[in-house]
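Chemist: Sharing a structure, written as structure tokens. Questions coming.
The values are calculated or read from the model by the stated rules, or taken from the named source; none is laboratory data. These figures come from a predicted structure and were not determined experimentally. So basically every Cβ, Gly included, is an ideal-geometry build from the backbone, and we count neighbours across all protein chains shown. Just so you know, the surface numbers come from the protein's heavy atoms only, side chains and all, with ligands and any DNA or RNA stripped out. Shrake-Rupley method; radii C 1.70, N 1.55, O 1.52, S 1.80 Å.
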Amino acid sequence: MQILFLGAPGAGKGTQCKRVAKQLNIPHLSSGDLLREAVKAGTEAGVKAKSFMDQGVLVPDHVLIAMFRDKLSSPECAKGFLLDGFPRNLAQAEALDAMLKDIKKDLLCVVDLKVDPGLLTERITGRRVCTNKACLTPFHIKFQPPAKEGHCDTCGSTLMIRDDDKEELVAARLKTYNEQTAPLIEYYGKRSILKTINGDGEPEAIFTELLAALQSKCHA
Ligand code: AP5
Ligand code: MG
């Protein structure tokens, strides 16, 4: 089953995708997490990506397209996957269509997680993320605090602040989203696979609504 999540920075994509992927037993492929891993590992792609991420703008398309072409054709994706953060503009969406054609798979559902833009800055600046690369669970100092301050509830590792979670970068990230990623809502809206979900509210209630939507759209 092939699922894609759209949504502004801080909308809750990572929070919900982790749970949905676990529930459906498919890999969660987060472009941001993959890029941050490459930055940390000091790979060529990571070195290139860092300066763009630090400005809140998109990393060049060819970096992401190569990264996802490799991933989608790997055995871990044979039963499907959940895309979070890729594609992020029309060129990437067209590249994804070509990749899916090559591996003879279709996107079954595109979720647009919608949140009032006024809520996003507080969500982003209060985020703390698990440092364990096999976990990476997001928390929030106010909305989703960990049971033990500074430590992950899932694996116990320490939490960190993402380099791009600075208040002064939020406007740039939202501008990038509005100009380049939001048009994908229309791109996928022309197909019958788009489902809009309200991302304001309790994460548990949003998760329940998401599962119901995925069941009706792609019999998850
Ligand atoms: P990426 O890592 O994808 O960041 P993003 O899209 O800005 O989204 P976030 O991860 O910030 O938000 P989220 O929706 O996952 O929210 P979360 O669940 O964590 O990308 C980072 C950068 O990489 C980009 O700026 C770009 O430079 C580059 N990049 C990535 N993909 C690219 C691509 N395809 N092409 C080119 N460049 C690319 O939740 C946020 C916070 O809110 C958390 O603290 C959480 O605990 C809290 N929260 C979650 N749900 C709720 C709720 N219901 N109520 C209250 N709080 C909540
Ligand atoms: Mg995320």
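Chemist: Which residue fluctuates the most in the chain, going by a Gaussian network model with Cα springs under 10 Å, if the choices are L210, L119, L174?
Modeler: Answer for the Gaussian network model of the chain: L119.
Chemist: Could you give the nm distance between label points at N25 and S74, where each point is 7 Å from its Cα heading toward the beta carbon?
Modeler: For the pair N25/S74, the computed spacing is 2.0 nm.
Chemist: Fully extended, how many nm does the chain gain between A212 and C155 (0.36 nm per residue separation, minus their Cα-Cα distance)?
Modeler: Additional length available on full extension: 17.7 nm.
Chemist: Related question: Express as a percent, rounded to the nearest 5, the fraction of DSSP beta bridges in the chain (both residues included) that run antiparallel.
Modeler: 30
Chemist: I've got another one for you. What ranking, highest mean first, results for peptides 12-18, 37-43 when packing means the other Cβ atoms within 10 Å averaged over each residue?
Modeler: Sorting 12-18, 37-43 by mean packing, highest first, produces 12-18, 37-43.
Chemist: Spelling out what I want: for every residue of the stretch 199-211, take phi, set θ = phi - 60°, compute 6.51 cos²θ - 1.76 cosθ + 1.60 (Karplus), and round to whole Hz; glycine and proline get x.
Modeler: Going residue by residue, I get x, 8, x, 5, x, 5, 5, 5, 4, 4, 5, 4, 4 Hz, with x marking Gly and Pro.
Chemist: When the Cα centres of the stretch 44-68 and the stretch 128-161 are compared, how far apart do they sit, in Å?
Modeler: Result: 25 Å between the Cα centres.
Chemist: Here is a further query. What residues of the stretch 26-70 lie in the reach of a label at E168, counting those whose backbone N is under 14 Å from a point 7 Å from the Cα along Cα→Cβ?
Modeler: It comes to 54-56, nothing else.
Chemist: Give the residue from I103, V63, G85 lying farthest towards the positive end of the charge dipole for the stretch 60-108; charges sit on Cβ (+1 for Lys and Arg, -1 for Asp and Glu) and the dipole is referred to the Cα centre.
Modeler: Most positive-ward Cα: I103.
Chemist: Which value in nm describes the separation of the simple spin-label points at Q55 and E179, placed 7 Å from the Cα toward the beta carbon?
Modeler: Each label point lies 7 Å from its Cα, and together they span 1.0 nm.
Chemist: Oh, and also: With a 1.4 Å probe and every protein chain left in place, work out the accessible area per residue of the chain in Å², rounded to a whole number.
Modeler: Normalised by residue count, the accessible surface of the chain is 50 Å².
Chemist: For the stretch 112-199, restrict the atom set to alpha-carbon positions and state the Rg and Dmax in Å.
Modeler: 15.6, 46
Chemist: May I pose another question? Once the principal axes of the Cα atoms of the stretch 61-220 are found, what is the range along each, listed largest first in whole angstroms?
Modeler: Result for the stretch 61-220: principal-axis Cα extents of 46, 34, 34 Å.
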